[in-house]
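**Q** The structure that follows is given in the form of structure tokens.
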Amino acid sequence: MFSQIELQGPTNESNSETEQLVFFLHGWGSDGNDLIQISHHWKKEIHKTTFIAPNGPDLCPQNPSGRQWFDILTENNMKMYQELQNSFTLLDKYIDNQLSRYSLGKKDFFLVGFSQGTMLSLYASLRRACKGVIGYSGAFLEGDLPDRVIKNDILLIHGQLDAVVPVDRMKKAEKKLVNFSKKLEIKVYEKLEHSINEEGLILGCDFIKKRF
């Protein structure tokens, strides 16, 4: 049953030939329509790029109109990590299908996550090569590492006042990922809560532009 699930979500197509993809991975209880809004800002600066925002595979019990990548409220860590692995399997297949659709190479994409979507993005970053990973307001969920760890460029952006995913979670991610990345960049905004500010959007946009 799980293997028959296919991800889907909104797309913001490039105005010209697509030479790279940006995948937005939303937070818990949201869906692809949330982060795809970022593409309307970035599209003015990042050309020949198609933006894609798949919805998480499961309905969110606490917000039936939203989706989730895994059950973040469970006290069963094994269950949560298994669901994270399952979502990566679906995402991995989805990325391949989209790259094939646009006749692109295996690495011609970025991952941009928010909160729970960052957790999935960082999990994915150790398992397949890409142009870069941006994680807003997220954390690194520790578990079994792949036999061969892939190293990508990673940018982590967080708010000092984040009460949902405390900034200490990002700092723990930094300590772990410094050995599991090609280049790791960190930015903390002192007056930011669990959100993305304009400065963070500009920083993320520049991160992608430098690697196009």
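The values are calculated or read from the model by the stated rules, or taken from the named source; none is laboratory data. Just so it is clear, the model here is predicted, and its values are computed rather than measured. With ideal geometry, Cβ positions are generated from the backbone for all residues, glycine too; neighbour counts draw on all protein chains shown.
**Q** Provide a single number: the residues in the range 160-212 that are among the small types (G, A, S) and closer than 19 Å to L120 by Cα.
**A** So in the range 160-212, the residues among the small types (G, A, S) come out as 163, 173, 181, 195, 200, 204.
Keeping just the survivors that are closer than 19 Å to L120 by Cα gives 173, 181, 195, 204.
Final tally of qualifying residues: 4.
**Q** Only one of (1) of a type in the set (A, V, I, L, M); (2) under 20 Å from E6 (Cβ atoms); (3) part of a helix (DSSP H, G or I) is not met by L59, so which one is it?
**A** Of (1) of a type in the set (A, V, I, L, M); (2) under 20 Å from E6 (Cβ atoms); (3) part of a helix (DSSP H, G or I), only one is false for L59: (3).
**Q** Can you tell which of I52, I36 is among the aliphatic types (A, V, I, L, M), out of contact with any helix residue (DSSP H, G or I) (no Cβ under 8 Å at 6 or more places or on another chain) and at pLDDT 95 or above?
**A** On the way: I52 fails: out of contact with any helix residue (DSSP H, G or I) (no Cβ under 8 Å at 6 or more places or on another chain).
Of I52, I36, the one residue that is among the aliphatic types (A, V, I, L, M), out of contact with any helix residue (DSSP H, G or I) (no Cβ under 8 Å at 6 or more places or on another chain) and at pLDDT 95 or above is I36.
**Q** Looking at the range 73-86, can you tell me whether even one residue there is within 17 Å of P146 (Cβ to Cβ), buried (at least 17 other Cβ atoms within 10 Å of the Cβ) and out of contact with any Lys or Arg (no Cβ under 7 Å at 6 or more places or on another chain)? Show your work before the answer.
**A** Taking the range 73-86 as the starting set, the residues that turn out to be within 17 Å of P146 (Cβ to Cβ) are 81-82, 84-86.
Restricting the remaining residues to those that are buried (at least 17 other Cβ atoms within 10 Å of the Cβ) gives 84, 86.
Subset that is out of contact with any Lys or Arg (no Cβ under 7 Å at 6 or more places or on another chain): 84, 86.
Checking the range 73-86: at least one residue is within 17 Å of P146 (Cβ to Cβ), buried (at least 17 other Cβ atoms within 10 Å of the Cβ) and out of contact with any Lys or Arg (no Cβ under 7 Å at 6 or more places or on another chain).
**Q** Moving to a separate point now. Working only within the range 99-132, note down all residues that are aliphatic (A, V, I, L, M), surrounded by 24 or more Cβ atoms within 10 Å (Cβ to Cβ) and free of Cβ contacts under 8 Å to residues at least 60 places away in the same chain.
**A** Residues satisfying the conditions are M119, L122.
**Q** If you go through the range 8-29 one residue at a time, do you hit one that is more than 13 Å from the chain's Cα centre (by Cα), surrounded by 14 or more Cβ atoms within 10 Å (Cβ to Cβ) and under 30 Å from D144 (Cβ atoms)? Outline the logic, then answer.
**A** So the first thing to find is which residues in the range 8-29 are more than 13 Å from the chain's Cα centre (by Cα), and the list is 8-20, 29.
Going one step further and asking which of them are surrounded by 14 or more Cβ atoms within 10 Å (Cβ to Cβ), we end up with 9-12, 14, 18-20, 29.
If we keep only those that are under 30 Å from D144 (Cβ atoms) too, we end up with 9, 29.
Yes, there is a match, as at least one residue in the range 8-29 is more than 13 Å from the chain's Cα centre (by Cα), surrounded by 14 or more Cβ atoms within 10 Å (Cβ to Cβ) and under 30 Å from D144 (Cβ atoms).
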